[in-house]
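Engineer: Before we start, here is the structure in question, set down as structure tokens.
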């Protein structure tokens, strides 16, 4: 029984497994990100991270040791010239595994494995998060507001002084309140005169005229 045996043979012989991991490690160093199965990525992480740690000391011995594992001159040059300076201050954990789902056909668990310091998207997000995480106290906020108000007041004073030196200070235009509309008087409509009333008034006028005559 395989009790306490966590070593993953990847279904290969020892020589085949070493060749596979050497090729994958060289590809990861050159391209900074590769796509593979999760089982291979975990095995590759254990294989390549000690080599990155070894590359922090740029010496002939270190280069020969790394070359014995990678077996690729271009990958060794890239590792010591580009990768090592970028991860110089990181104490391990140089790679990141991002799962992408399952492969069609055999449903193998797929993922990306990449070098942490060469992913610009994650680095920008970390910088923004670190900037947003800063907390401000009441005093700091009040001081900022007071300084802003003082700057505005000083700017207004300077502008008023400049206007006075050039001539009379221009008074700010005061908006006049709109005049209230004059109250309209109610219009009284004349009542219509009926025909009977007009006839009686005419007869009374005639009688008065005949008396005077």
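Engineer: Every residue in region 64-81 that is assigned to a loop (DSSP other than H, G, I, E, B) and closer than 11 Å to residue 27 by Cα, please.
Structural biologist: From region 64-81, those assigned to a loop (DSSP other than H, G, I, E, B) are 71-72; that's our starting set.
If the condition is that a residue be assigned to a loop (DSSP other than H, G, I, E, B) and closer than 11 Å to residue 27 by Cα, then 72 is the only one that fits.
Engineer: Looking at 75, 86, 41, which is the one that is touching a strand residue (DSSP E or B) at 6+ places or on another chain (Cβ under 9 Å) and farther than 29 Å from residue 106 by Cα?
Structural biologist: Values: 75 fails: touching a strand residue (DSSP E or B) at 6+ places or on another chain (Cβ under 9 Å); 41 fails: farther than 29 Å from residue 106 by Cα.
Selected residue: 86, the only one of 75, 86, 41 that is touching a strand residue (DSSP E or B) at 6+ places or on another chain (Cβ under 9 Å) and farther than 29 Å from residue 106 by Cα.
Engineer: Across region 5-22, what is the number of residues that are modelled with pLDDT under 95 and over 13 Å from residue 46 (Cα atoms)?
Structural biologist: Residues meeting the conditions: 1.
Engineer: Among the numbered conditions (1) touching a helix residue (DSSP H, G or I) at 6+ places or on another chain (Cβ under 8 Å); (2) surrounded by 11 or more Cβ atoms within 10 Å (Cβ to Cβ); (3) in contact (Cβ under 8 Å) with a residue 12 or more places away in the chain, tell me where residue 67 comes up short.
Structural biologist: Failed condition: (3).
The values are calculated or read from the model by the stated rules, or taken from the named source; none is laboratory data. Bear in mind that the values here come from a model prediction, so they are computed numbers and not experimental data. Positions of Cβ are generated from backbone atoms using ideal geometry, with glycine treated the same way; all protein chains shown enter the neighbour counts.
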